[in-house]
Structure formats: structure tokens, C-alpha cells
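The values are calculated or read from the model by the stated rules, or taken from the named source; none is laboratory data. Fair warning: this is a prediction, and the values are worked out from it, not measured in the lab. Here the Cβ positions follow ideal geometry from the backbone for every residue, glycine too, while neighbour counts run over all protein chains shown.
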Amino acid sequence: MQGDFDQTIRNVFGSEDVLGGPETQPSQQEHNIAGPAPVSVPEIVSPFRCSICGEPSEDICSACTKDTCDNHRCGRCFRCSDCCTCDVSRVV
């Protein structure tokens, strides 16, 4: 009974691969193929430089809008060390 069904499918679709025959089985060579080679991603460097020390920066002073690095920008008032009026002692 199963053989008749298989033959009908072969007649309709015209190939063995519909039934999972040898054409659909991956070859041993296909199993050994490695995935795509890893791609190295370049490190992104900020195009902006701190106006005080020249280090890469991502922030600006809220008062004078100079580019500032983390070392020269106050965490309280968000101003550069030149504009900051906070009474916090700084280590230089």
C-alpha cells in the first residue's frame, strides 16, 4: 500500500527528493563546510577631542560647548573644568 502511494507521489512530482530520497540527504562534504569567516569590526574612535587635554571626547560643556573628556567635565553641573563653579576639589 505504501509503495503505491510513493509511486503516485513520484509520478506527480517526478523525483525522489519529495520523499526524502538520496537527493535530499546532505553529502559528507556539506557537513564539513565551516560557517562564514568571522569579520573583524574596526574600533570606533570619537572624532571629537577634549579642548583641554586632547583626549577623545563624547561630551560637551553645558556652558561654553567645548568638547570635554570625562576627566575635564564636572558630573554635577556638566561644565568643563574651565567653566565649573562647583566647590568640589579636583585632583589634577
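Give just the number: which of (1) of a type in the set (V, I, T); (2) at pLDDT below 70; (3) within 38 Å of the chain's Cα centre (by Cα) does I44 not satisfy?
Tallying (1) of a type in the set (V, I, T); (2) at pLDDT below 70; (3) within 38 Å of the chain's Cα centre (by Cα), I44 fails exactly one: (2).
Could you please tell me which pairs satisfy a Cβ distance under 7 Å, a separation of 6+ or placement on different chains, a first residue in the stretch 49-60 that is under 11 Å from H72 (Cβ atoms), and a second residue that is small (G, A, S) and surrounded by 14 or more Cβ atoms within 10 Å (Cβ to Cβ)?
Between residues of the stretch 49-60 that are under 11 Å from H72 (Cβ atoms) and residues that are small (G, A, S) and surrounded by 14 or more Cβ atoms within 10 Å (Cβ to Cβ), the close pairs are C50/S57; I52/S81.
Only one of (1) surrounded by 10 or more Cβ atoms within 10 Å (Cβ to Cβ); (2) modelled with pLDDT under 75 is not met by H31, so which one is it?
Here H31 clears every test but (1).
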